[in-house]
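Step one of this worksheet: look at the structure below.
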Amino acid sequence: MKISVIQPDTAWENKSLNFQILNELIHPLFKRTDIVILPEMFNTGFSMNPEAFSEPPDGETFLWMKSIAELGDFGVCGSYIVKENMNFLNRWVFITPGNESWHYDKRHLFSMGGEDKLFSAGRSRLHFSFRGANISPYICYDLRFPVWSRNRGETDLIIYSANWPQARQNVWNTLLKARAIENQCYVAGSNRTGTDGAGIVYCGDSMIINQRGEIIINAGDERNCSASAEISLTDLKDFRKKFPVVNDADDFTINI
């Protein structure tokens, strides 16, 4: 399976320009990859103005993603602002070329940025399968909470869509590796670059990491780029068989 992480310099609260930027970055990947991973709030940047930029679940951004998936013959995923049942949600969506879709609502809202005052937190994790890979998605700040991300035998690939600031770049790099090692999974993180409307600078470092915590590919600080790598589910299975950490893992439940 081939995975591609997209690293845009996201235009602040400008959906049409972001679609244009992303179209240019994604088009070379048409029929050449299996999954395209976009950052958190890829159509607006990390906006705390959900009243102005939210959409219904099947709105403009969903339809754009659907079209991209069909044309490119890959799954496409990332998060954007959705309004559902009078609640604003930071929702991660995955759409296949066959028009199947799954979604995950961000659980850990970034209180230091006021996200918890404007958005409703998700209440469930998501696990699904696409082209033979078992996938679990999370969004940005979720990366800091290992219990929520814990693989309990249901995941081959963990995806993080993020808007992660340059000021905490080392944390991003360290925790992505940690999640891969502790969960014996591939981990893919898509992050933006540039500066947003609040003056926050973003670090990029979109990357794909293997189950040993080794970086397969890293986009570094390059603006408006993609980075792709092959992952091997056979190698992952063999690694887990030889070193079955999960057999000694603690059993637990998560109270929501």
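The values are calculated or read from the model by the stated rules, or taken from the named source; none is laboratory data. Quick caveat, the model's predicted, so the values are computed rather than measured. Because the Cβ atoms are built from the backbone with ideal geometry, glycine has one as well, and the counts that use them run over all protein chains shown.
Is it the case that some residue within region 146-155 is touching a residue at least 24 places away in the same chain (Cβ under 8 Å), surrounded by 17 or more Cβ atoms within 10 Å (Cβ to Cβ), within 20 Å of Gly45 (Cβ to Cβ) and not charged (D, E, K, R)? Don't jump to the end; show me each part of the working.
Here is the first cut: in region 146-155, the residues touching a residue at least 24 places away in the same chain (Cβ under 8 Å) are 146-155.
Narrowing further to those that are surrounded by 17 or more Cβ atoms within 10 Å (Cβ to Cβ): 149-151, 155.
Pick out the ones that are also within 20 Å of Gly45 (Cβ to Cβ) and you get none.
Within region 146-155, none of the residues are touching a residue at least 24 places away in the same chain (Cβ under 8 Å), surrounded by 17 or more Cβ atoms within 10 Å (Cβ to Cβ), within 20 Å of Gly45 (Cβ to Cβ) and not charged (D, E, K, R).
Here Arg179, Arg168, Arg131 are screened, and the one residue that is among the charged types (D, E, K, R), farther than 30 Å from Met86 by Cα, in contact with an Asp or Glu (Cβ under 6 Å, 6 or more places away or on another chain) and modelled with pLDDT of 95 or more is Arg131.
Once region 15-54 is narrowed to residues that are surrounded by fewer than 19 Cβ atoms within 10 Å (Cβ to Cβ) and of a type in the set (S, T, N, Q), the residue that is farthest from Val76 (Cα to Cα) is Asn49.
Is there a residue being within 30 Å of Leu236 (Cβ to Cβ) and not hydrophobic (A, V, I, L, M, F, W, C) anywhere in region 45-61?
In the first step, residues of region 45-61 are kept if they are within 30 Å of Leu236 (Cβ to Cβ); the result is none.
No.
Applying the criterion of being among the β-branched types (Val, Ile, Thr) and assigned to a helix (DSSP H, G or I) to the residues of region 161-208, the residue that is farthest from Phe243 (Cα to Cα) is Val171.
With respect to Ser16, is the statement that it is touching a Leu at 6+ places or on another chain (Cβ under 6 Å) and more than 20 Å from Leu126 (Cβ to Cβ) true? Judged against the criteria, Ser16 is not a match. Taking the numbered list (1) within 16 Å of the chain's Cα centre (by Cα); (2) closer than 19 Å to Ser47 by Cβ in turn, Leu143 passes all entries but (2).
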